Structure formats: C-alpha cells, structure tokens
Amino acid sequence: MRVLFVTVAAKAHFHVQVPLAWALRAAGHEVRVASQPDLLDTIVAAGLPATAVGPPLAQEESVAELRRRQERAAERLTDPPDAQELMRMTEDRPEHLTPDFLDGLFTVMTSAIFQNFSAEETVDDLVTLARRWRPDLVVWDTLLMGGAVAARAAGAAHARLLYGLDLVGTMRQRHRESLTARPGELREDPLAEWLDWTAARYGGGFSEDLVTGQWTLDPAPAALRTPTDLPWVPVRHIPYNGRAVLPPWLLEPPRRPRVCLTLGISFREVMGGERTSVPVLLEALAELDAEVVATLDTAQLAEAGPLPDNVRAVDFVPLDALLPSCSAIVHQGGFGTAQNALVHGVPQVVVPNDLWDLRPRAELIEWSGAGVRWSGTGPLTPAELHGLVTRVLDDPSFARGAVRLRDEIGAMPSPADLVPVLEGLTHRHRRAAWTG
C-alpha cells in the first residue's frame, strides 16, 4: 500500500504524523510526505521521504497575509463583528450560533485560512504528485483540504489526522444544519463553493468528505474529544519532538519537585512569539520550592532578564525526555505540549489565549481533573500564576487525574495497531469508489 501524508509547513503539525508514518513504513508500506518547501528539512530529519508542493508558506508573511484576508473578508459582511469574533471557531453559546454568525465565520475562515494553506499552486502540485505516484491512501492535515482534493483526483482513499480539537468538523455540522433551515436562495456556503471550484479544476466536484475526510484519525483521549457524528478512528498519541541530543543533567533525578515551563514551538515559529509575558511567568515561579526547567530561546531570554536561582533555561529539550521527571508543567495549551503531558501523566497549568482551540482544551483539561487553567481576562499576575502552580503541586488529586488520562491514552490503539485498520478502511473505500 502507498500512503501519502500531507501537512502544512508547521513542525508541530508534522510531528503528530511521524509515528503513524513510521508504523506504516515498518509494516512494509511505502510512505511519502508532502508539504510546502519550508518543512522539507524537518521531514527529511525524521527519516521520511519528502516532496515539496506549492510556494513556501513563509510563516511570518503568512500571518500578515491572514490578517489582510481577514479584513477583506470582513468587508463582505453587512455588520461584521470584531476581528476575534470573525474567526471564533470555538464558539459554543447557542445564542451566538446564529445563521449570520456561521455565514460570517465560514466566509472569513475560507478566505483567510483554508484557501491560504491550500493555495492553487499547492493543490496543483499535490494533484500532480498523487496522479503520478498513485497512493492508495492520503492522510491529510485538517487545515490542508487540498490533500482531500488530490486524493479524489487520484482515486485514493483519504482521512484527516487531527491536530487538536475537531473545530472544523463541529462548526461545519452546525453551519450545514443552519443552511438546511433556510430557503434555497439564501443558502450561501463559501467553503463548499471554494472546494467545488477547486475540485472542478481536476474533473471533480464538491462533496462533504473534502471538508472532513472519509474518516477522521483522532489522537485525543475521549475526555478531550469534541463530539461529532463523523466517522472517526482513535489512535494513541506517541510523542515525537524532533531530533535532539539529551543533556547530561537530564539523567540526574531532581532533588526537588521539577516544574517544566514551555511556550511551545508554534508560538515561536508560526505566530511570531508567545502571547504571555515571560518575565511574569518567571517571577511567578521564582518563589516556588521547586526546580524550574524553562524552554526559552535567545529572544525570550533577552526579554526575561536575570533568571531566578531556581530556574534552568534551555533552548530546547524534548518534552518526551523531560516530562517523566516533572511534577507539573506550565504551558499555553498547545496540542503537542498538552498531549505530551497527558502521555506521561503530568498535571498541567494552562495559561491559554484565544488562538484556535487553546481555551476549550484548557477547559477540558481542568474539567477532567488533570490540571487547572487561568481563566482571567486581564493581564496575568505573578501571584495568580504562583497560586495555580502551588495548587497543582500541593493537591494530589491533580496527579491522580493526570494518571487516569495517561491510562486512557495507553489503552488506545497504537500506530502499529492501527495499520491493519487503515488497510481495511482503504480497501473498503476504494472498492466502494470502483463499484459506485
């Protein structure tokens, strides 16, 4: 079986795909990974064959372009909400989920996000690759729908591999329900229109699987999963943090409780920096009777000033190696960081912002008993964060909650276990396409 993985050019998104890609290779299947040119070195460093598609994503320029597209899309709305509301994929208050809100949301998301990641040149290259290499299965990043278009054009089965909560699937179902309640002439569906036009360039047309896949692979435990009625397949999250040389001090057991402070690679490399003040975080942790390991790069260290005596700053250390020695972790709620902590049963203190799914994930972590979140609206104070970390360290219920989720993840099918499942699903969907 030939399997093509498709990912946006972001390390955190690709890292989720690596264990499954290697499980398939270890089982004897051919695997390739396609992404924008920015990610090629990272893919090759993971030992996987890489193919460049489309122009560079150019992350910093891309963020600026997203904002420009957001503004242009907002101009099409009669009474546009503020900028944050325009892309609030996490909205779940019934009184806010109006037809106008959902129309505006998908107008902006299609123009500013989905079309940006699946640029015309990117989809052209994906289709060319798929038609020439003829994969049996395409596993695509939930934000790069061009992967589904390429699978359709080549007659391959295809599945989404989620990076985080399934905000796209949840909101898409709500929008479809809203559209069916409207008269035909008022049913505007910008996402379907764009995908229909895109698929038509290669002889196809729109169907809902171009948005949500023929099935969805979800590495989140049930307690942290967004409920939808879409076909889904669970897969255990296996941490992959990239290439690293482990420092000698990591082999020494900590003399005091160890707390990890990390802001994640997405905030450094995709969004242009973290959204929480580094000095505030360090001041809050300075008075703890604990050893703090803070993953901070040069720019973050320059902002931090002199480090407290109990803080060890490192540019990078793989969380999979660090977290087994930790009693708690402080982070901003990114999927990879949260999943790493869950896998190792480490209680979490989450300081989220409004980016993508960070706030609802923080709420789910707190609700599950595996940690706490900062829910304030103003600037975070050192006293507030110090109180949250102290609470997690002193109350053993959080450790028990984290262990419960660790055990739930451990019971999920591993990537190796999933290989025969994917073989069966691929055969079934391709056979249905041949006979349909």
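Assorted remarks:
- With the convex hull drawn over the C-alpha atoms of segment 339-421, the volume per residue is 100 Å³.
- √(5λ) per eigenvalue of the Cα gyration tensor, segment 235-366, largest first, Å: 20, 18, 15
- When a 1.4 Å probe is rolled over the protein heavy atoms, the share of accessible surface on the chain that falls to carbon and sulfur comes to 52 percent.
- Calculated SAXS-style log₁₀ I(q)/I(0) at q = 0.06, 0.09 Å⁻¹ - the chain, Debye, Cα scatterers: -0.25, -0.58
- Computed [θ] at 222 nm, helices only, for the chain once each DSSP H run of length n ≥ 4 contributes -39500 (n - 2.57): -13500 deg cm²/dmol
- Here segment 1-59 is treated as a Stokes sphere of Kirkwood radius computed over C-alpha pairs; at 25 °C and 0.890 mPa s its diffusion coefficient rounds to 216 µm²/s.
- Treating each Cα of segment 190-239 as one equal point scatterer and applying the Debye formula with no solvent, the log10 of I(q)/I(0) at q = 0.30 Å⁻¹ comes out as -1.09.
- With q set to 0.13, 0.19, 0.21 Å⁻¹, the log10 of I(q)/I(0) for segment 155-220, from the Debye formula over equal scatterers at the Cα positions, is -0.44, -0.86, -0.99.
- 3J(HN,Hα) along segment 203-210, derived from phi through the Karplus expression 6.51 cos²θ - 1.76 cosθ + 1.60 where θ = phi - 60°, amounts to x, x, x, 7, 8, 5, 5, 5 Hz, with x in place of Gly and Pro.
- Label point distance in nm, Asp124-Glu30, each placed 7 Å from Cα along Cα→Cβ: 2.5 nm
- Segment 137-223 - percent relative contact order, Cα under 8 Å, separation 6 or more: 37 percent
- When the alpha carbon coordinates of segment 277-338 are projected onto the principal axes, the ranges are 28, 26, 18 Å, largest first.
- For segment 126-190, the ratio of Cα radius of gyration to the globular rule of thumb 2.2 N^0.38 Å stands at 1.40.
- On Cα atoms only, tilt of 59-74 relative to the major axis of the chain in degrees: 60 degrees
The values are calculated or read from the model by the stated rules, or taken from the named source; none is laboratory data. Just so it is clear, the model here is predicted, and its values are computed rather than measured. Counting neighbours? That spans all protein chains shown, and the Cβs are built from the backbone with ideal geometry, glycine included. Note: areas computed on protein heavy atoms with side chains; ligands, DNA, RNA excluded. Shrake-Rupley method; radii C 1.70, N 1.55, O 1.52, S 1.80 Å.
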